[in-house]
Amino acid sequence: MPEAELHPTAALVRRLLKAQLPESLQALAAQPLGPVVQGWDNAMFRLGPSHVVRLPVRQASVPCLTNEMRWTARAAAPLAVLGVETPRQVFHGRPGAGYHWPWAVTQWIEGEAVALLPVGRRDRLAPALARALTALHRPAPQDAPHNPYRGVPLADRIRSVAERRPSVDAALGAHRGEQLRRIVDDGLRAAPWRRPPVWLHGDPHPWNLVHRQERLAGLIDFGDVCAGDPASDLATAWLTLDAAQRSAFRDIADGSGRYDDDVWRRAAAWAAIYVTALVADPASSQEFAGVVEHAVGQLVSLGGRSG
């Protein structure tokens, strides 16, 4: 996980809220406030029962928040029909009170991260997740954001896989590391995406999926929202689901007519790439340990197949 350049505190957030919220939202400034988590890009503070404040912790993360605030409502519009909530912007703040970058207040999505739900209890999530992603994956406008780490040709990411090889082999063993690289190589041999770029969430791993009573309730953190090849989103089939769940996921996704066999080969390769990125980063390898262990097992035991 990249090192944070700023470390926002609750006191700082309170000052920003009081100074910048309009009169119509000033009641929020007095709501209880406390830290939730700090991820790769943002520090998050729960604001009362229904809101969350998100502040970039690195300069490089600022465009992610800007894109999220600009594009989430448009990209994620079809999900509301399916009953899947996405972060709704309440206020977009500006630098101030000693904090250098834009920040935001969004609606809090109630529920628990799917990462905390045992894999064996995710059966009802698989069909819902497939419907959500196929609804999301529709042609994007020409001015949709580009993301050099998501939705791009696999060949653009292969150098990173090679650079991570020592760390991956040390953590997983040379044999499993080699199996992951073979899956990536198979994805490279698959035909590339030749259709118009589609909307992507960019990072639908199980920590960004929210469930309530084992039903998909929300898809959060659209910081990587972009247009491109849907294979990078479909990698969640290996990160989140087991073989039977993944088969159900693919049956519904394929029923949309939007994907072919090549996209699934590339999706497995993307899942392997995500694993190498998480394993190679010390902080992420701890936070995502369960995700990594599950995904490696799925990829290695099944040789990258979708079923």
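The values are calculated or read from the model by the stated rules, or taken from the named source; none is laboratory data. Since we're looking at a predicted model, the values are computed, not measured. We place every Cβ from the backbone using ideal geometry, glycine too, and count neighbours over all the protein chains shown.
If you take the residues of the range 23-42 that are in contact with a strand residue (DSSP E or B) (Cβ under 8 Å, 6 or more places away or on another chain) and under 15 Å from HIS92 (Cα atoms), which of them is surrounded by the fewest Cβ atoms within 10 Å (Cβ to Cβ)? Across the range 23-42, the extreme among qualifying residues is LEU25.
A quick yes/no check of all residues on (1) surrounded by fewer than 15 Cβ atoms within 10 Å (Cβ to Cβ); (2) within 19 Å of the chain's Cα centre (by Cα):
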position: ARG58; (1), (2): no, yes
position: LEU65; (1), (2): no, yes
position: VAL81; (1), (2): yes, no
position: PRO87; (1), (2): no, yes
position: HIS100; (1), (2): yes, no
position: ALA104; (1), (2): no, yes
position: HIS146; (1), (2): yes, yes
position: VAL152; (1), (2): no, yes
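Only residues that are crowded, with 20+ Cβ neighbours inside 10 Å, of a type in the set (D, E, K, R) and within 10 Å of ALA191 (Cα to Cα): list them for the range 250-270, please. Residues satisfying the conditions are ARG265, ARG266. Based on what the data block shows, is HIS201 buried (at least 21 other Cβ atoms within 10 Å of the Cβ), farther than 18 Å from TRP40 by Cβ and modelled with pLDDT of 95 or more? When the stated conditions are applied, HIS201 does not pass them. Applying the set (1) over 19 Å from VAL152 (Cα atoms); (2) in contact (Cβ under 8 Å) with a residue 60 or more places away in the chain to ARG258 leaves exactly one unmet item: (1). Number of residues in the range 106-122 that are under 22 Å from ALA29 (Cβ atoms) and surrounded by fewer than 19 Cβ atoms within 10 Å (Cβ to Cβ) equals 3.
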